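Trainee: Could you have a look at this structure, given as structure tokens, before my questions?
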Amino acid sequence: MSGLDRTLLVPGDCVILDVVVVVDAIHQRDLQVRLVVDAGGDISPPFLGNLHIAGLSLKQAQTLIELSYSQREIYAPAKHDFALSRCR
């Protein structure tokens with residue numbers, strides 16, 4: 001686990017969400033968005049509304065985002081790769 005994964009997200013942190021569609025081994029970016037954790041600890045990914053990620057690791061936040069998209073049938077983990085990284 002890298003140092004970034006051990007650091008919990010807090011208000012003011014900036015993250016980049018990448019969603020890549022995978023079709024027949026071809027990867028094409030479907031979405032890239034920069035999100036800032038607000039004072040309440042939430043981010044607002046497209047089509048999802050607010051998700052509370054403060055206190056989560058980057059990996060935990062990515063899992064929460066993946067599950068939220070999947071449950072709403074917007075993006076499916078079987079056809080999409082998700083990546084969440086810190087803004088530099």
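The values are calculated or read from the model by the stated rules, or taken from the named source; none is laboratory data. Predicted model only: the values in this text are computed from it and were never measured. Reconstructed Cβ throughout: ideal geometry from the backbone, glycine too, with neighbour counts over all protein chains shown.
Trainee: Which residues, taken from region 31-88, are over 11 Å from Cys14 (Cα atoms), of a type in the set (Val, Ile, Thr) and under 12 Å from the mean Cα position of the chain (by Cα)?
Mentor: Scanning region 31-88 gives Ile53, Thr63, Ile65.
Trainee: What pairs can you find where one residue is in region 2-15 and of a type in the set (Asp, Glu), the other is assigned to a loop (DSSP other than H, G, I, E, B) and modelled with pLDDT of 95 or more, and their Cβ atoms are less than 7 Å apart, with a gap of 6+ or different chains?
Mentor: Between residues of region 2-15 that are of a type in the set (Asp, Glu) and residues that are assigned to a loop (DSSP other than H, G, I, E, B) and modelled with pLDDT of 95 or more, the close pairs are Asp5/Ser57; Asp13/Val37.
Trainee: Hey, another quick one. Name the pairs: first residue in region 46-63 and closer than 13 Å to Leu35 by Cα and touching a residue at least 40 places away in the same chain (Cβ under 8 Å), second residue part of a helix (DSSP H, G or I) and polar (S, T, N, Q), Cβ to Cβ under 9 Å, at least 6 apart or on different chains?
Mentor: Pairs that qualify, where the first residue is closer than 13 Å to Leu35 by Cα and touching a residue at least 40 places away in the same chain (Cβ under 8 Å) and the partner is part of a helix (DSSP H, G or I) and polar (S, T, N, Q), are Ile53/Gln60.
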